[in-house]
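Report on one structure; see the data block that follows.
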C-alpha cells in the first residue's frame, strides 16, 4: 500500500503502467466554466466542473465513469471529446494532443472519436430524416456517391437493428430505444475508434436499457471499439466496464479494475457510493451496511480546501482539510486520491 | 393537410360573417354622422333628406343585410362581369362610398398600389435586415453587435413612427434636402429618372416602417436562435465534425425559422391594412389614409368594407401560418 507514482505533479509524469496500450491519455485535464455576474457581466469566478483529471483508456476496454449527478462526469466526457474548449491539460488521442486544436484540425479528427448522448430525443435534429442524420457525417468527411452513401446508411441501420424502411422517417416517429439506436448508428458512421457514451441508457425504459447495452457490447466486440461509459447506474457499470473511475466534485477519487473497485473499495467515497447499491438477495439486503453521507455536495464554484471530499468524509482527518491528496498508484495497480490509504 | 385546410376554410365562413356583423354594429352604435362635415347652413330637414337618400332611415339589420348582399353577391358578380362573364342583371347596386359616391371597391383598387409599394416594401426590407441581425445577435450573444442590435430594436419598438417620420423629414428633407417630404402619387415610372424619383420618395416612409418591423422580427429571430443554440442536437451536429457555418445555418437556423416564419406570415395583413400614421406623415394616399378619412366623414360603407377586408386577410394569414408550420415542422401533423 505504498505510493509508487504520483500523477498530480506535471503533465510529464509517467503514465500508469497497466495492462494494454492506451488509446486515450488524459493528463491534468481542467474544465472551468466562467461565472458572469452583475450589471457589466464581469467574471466573478468559475465552476470547476472538471479539476485535474489524469487517466488512461486502453484500446478495446470500457472505462466506466461513475459519480453522483453534478460531479462533472458529463463535462469530463464532453471535454475529452473537445465539445468544449478545455481550460488546461492534455488529451492524447492515439498520441496526438487534441486539447489545443481547433477548427479544421479538430474537425479532421472527429471521425476518430464520437459520442452517444443521453437524451436520444433532443439530440437528434427534429427536421432531419433518419437517413440524413446518419449520412451527414459521411457527407462532411467522406467522399461517397449517392449509392455508396445510401448503402452505408443501410449497413449502419442493419448494424444497430433498425429496419431499413425507416430511413425516411423523422426522429419523433420512433420510440426512445429506437431513437438511441439512431444515435448509435450516427456515432458509428465514420468508424470511430473511441466512443464516449454519456449516460446512453439513463433516459430509457428499464426493459429497453438491456437491449441497448447488449447492442453496445456487441458492437464493441465486432468493431473493436473503446468506450468511456459515463453513468450513475452502478450495477450497469459493473456489468459493462472493465475498469471504473469514481468522480466526486470534479476530481477522480479512485480508479481501478472493476473487480478491485466493487469487491474492495478503498476510498471512503467509493465505499459510501457502492454501499448504496441495493442487493437482489433479500437476506443480504437486510444486513447490508449503508454508509450515509452527511450534508450536501459543496459547490464546484467554491470547492473546499484540501480534499474535495473532506466536508462529508466519515473518516476525515486534519490533514484532509489542509492538503489536496495526491493521485497515487497503489501496489495493486489502482489509483487513489486519499491521505488515509 | 388538404382536409385540414378545407375544414379550416369552412370554419372561416361563420367567423367572418360574425365579424362583419360586429363591425357593422359598432359602426352603427358610434355617434358619427355622415352629414356632420356638411356646411352648417344646410337646414335640418334637408339634412334629414340627405340621410334618407343614404338609406340611413332604415333599421340597422336591414342596412346590414343590404351591405351583405352588395358585398357578397353584387361585387363578386361585378368582378366577373369585368372579366366578361355576365350573370344576371348588370345594373346591380354596388357598395357606394357616402363621401365620394363611387364604388368602395374601386377606391380600394386605386389606393392599393401606393400601400403595397410603400408599406409592403418596408415589410420586405424590415424582414431582410431583421433576420441577419437576429442571427448574428444570437450567435454572438452579449457582444458589442448584440448590444447595439438590442438598443436599436428598443428604439424601433418604443419611438412612435409619427416621431421618427417627422424627425426624418426635418433632417433629410428640410436640412439636407435629399428626399421629398411628400409622396407624389401621380408620378409615372417610365424611365430611369422617374424610377430614381420613385425610390427617393419611397425611401423615408419605407425606412421609418422598416425600422419598426425589423425591431420586432429581429427580436423574435434572436430569441428563437438562442432557444435552439443550446439544444442537444446542435451539440450532436458539432460532434459530427461539421463546420460551424453548417451547424448554424443548416441545423440551428432551419429550426429557428419555424416560429419566425409564422410571425412574419401573421404580420402580412398589417401591410394591406396600411400604416395609417406613416401614410399621414408622408402624405401617401394609401389604404390607411382612405380608412382614416372615411372614419372622419362617417362613411359607413367604406369603413365597413375596408375593415372587413382586413379581417378576411387576418383570418386567411392565420390559416397560412398554420399550414406553413405544418409544412416546416415534421413533428406537426394536422390530419
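Computed from the coordinates by the stated procedures, all read-outs in this text should not be read as laboratory data. Please read these numbers as outputs of a predicted model, since none were measured by experiment. Reconstructed Cβ throughout: ideal geometry from the backbone, glycine too, with neighbour counts over all protein chains shown.
Helix B:44-53 against the longest principal axis of chain B: what's the angle in degrees, Cα atoms only, rounded to the nearest 10? Once rounded, the angle reads 70 degrees.
Gyration tensor over the Cα atoms of the range A:65-124: the corresponding equivalent ellipsoid has semi-axes (square roots of 5 times the eigenvalues, largest first) of 21, 16, 10 Å. Across the range B:171-225, the convex hull enclosing all Cα atoms gives 113 Å³ per residue. For the pair the range B:97-116 and the range A:265-341, the centres of their Cα atoms are 83 angstrom apart.
Would you give the gap between the C-alpha center of the range A:157-215 and the C-alpha center of the range B:191-268, rounded to a whole Å? Spelled out, the Cα-based centre of one part sits 34 Å from the other. Find, to one decimal place in angstroms, the Kirkwood hydrodynamic radius of chain A, where the mean of 1/r is taken over every pair of different Cα atoms and then inverted. Kirkwood radius, chain A: 21.3 Å. Between residue B:328 and residue B:22, the modelled labels are 2.7 nm apart [label points 7 Å from Cα along Cα→Cβ]. With N as its number of residues, the protein assembly as shown has a Cα radius of gyration that, divided by 2.2 N^0.38 Å, comes to 1.36. Relative to its Kirkwood radius, the Cα radius of gyration of the range B:26-172 gives an Rg/Rh of 1.18.
Annotation for residue B:155 and residue B:266: the two label points, set 7 Å from Cα along the Cα-Cβ direction, are 2.8 nm apart.
Taking the helices alone, chain B has a mean residue ellipticity at 222 nm of -22000 deg cm²/dmol, built from -39,500 (n - 2.57) per DSSP H run of at least 4 residues and averaged over all its residues. Within the range A:24-179, the percentage of alpha carbon pairs spaced more than 21 angstrom apart rounds to 59%.
The order of B:5, A:242, going from fewest to most other C-beta atoms within 10 Å of their C-beta, is B:5, A:242. Rounded to two decimals, what is Rg over Rh for the range A:132-275 when you use alpha-carbon atoms and the Kirkwood radius? Reported Rg/Rh (Cα atoms, Kirkwood Rh): 1.05. Rg and Dmax of the range B:107-328, both derived from C-alpha coordinates alone, stand at 20.1, 66 Å. Relative to the globular-protein estimate of 2.2 N^0.38 Å, the Cα radius of gyration of the range B:216-335 stands at 1.50.
For the range B:149-253, a Kirkwood hydrodynamic radius built from all Cα pairs, placed in the Stokes-Einstein relation at 25 °C and 0.890 mPa s, yields a translational diffusion coefficient of 144 µm²/s. Within the P(r) computed for the range A:153-231, what percentage of the Cα pairs occupies the region above 22 Å? Pairs farther apart than 22 Å: 19 percent. Express in whole angstrom the spacing between the alpha-carbon centres of the range B:1-79 and the range B:136-164. After rounding, the separation between the Cα centres reads 43 Å.
Counting only alpha carbon atoms, the long axis of helix B:121-139 and the longest principal axis of chain B meet at about 20°.
In a GNM of chain B with a 10 Å cut-off on Cα contacts, which of B:268, B:73, B:166 has the highest mean-square fluctuation? In this elastic network of chain B, the residue with the biggest mean-square fluctuation among B:268, B:73, B:166 is B:73.
As a rough footprinting exposure proxy, the listed residues A:108, B:222, A:149, B:51 were ranked by other beta carbons within 10 Å of their own, and the order from fewest upward is A:108, B:51, A:149, B:222. At the listed q of 0.14, 0.16, 0.31, 0.32 Å⁻¹, the Debye profile of the range B:1-48, built from one uniform point per Cα, gives log10 I(q)/I(0) equal to -0.58, -0.64, -1.04, -1.06. Using the alpha-carbon positions of the range A:211-341, Rg (one decimal) and Dmax (whole number) come out as 16.4, 51 Å. When you restrict to C-alpha pairs under 8 Å that are six or more residues apart and normalise by the size of the range B:212-335, the relative contact order lands at 24 percent. For the range B:20-94, the average shadow cast by the Cα convex hull is 6.5 nm², which is a quarter of the hull's surface. When each of B:173, A:123 is scored by the number of other beta-carbon atoms lying within 10 Å, the sequence from fewest to most is B:173, A:123.
Using a Gaussian network model of chain A in which every pair of alpha carbons under 10 angstrom is joined by a spring, one finds that among A:316, A:44, A:66 the greatest mean-square fluctuation is at A:44. With respect to chain A, whose longest principal axis is taken over its alpha-carbon atoms, helix A:206-223 is tilted by about 80°. Based on C-alpha pairs under 8 angstrom that are at least 6 apart in sequence, chain A has a relative contact order of 21 percent. In percent, rounded to a whole number, the relative contact order of chain B is 27, using alpha-carbon pairs under 8 Å and six or more apart.
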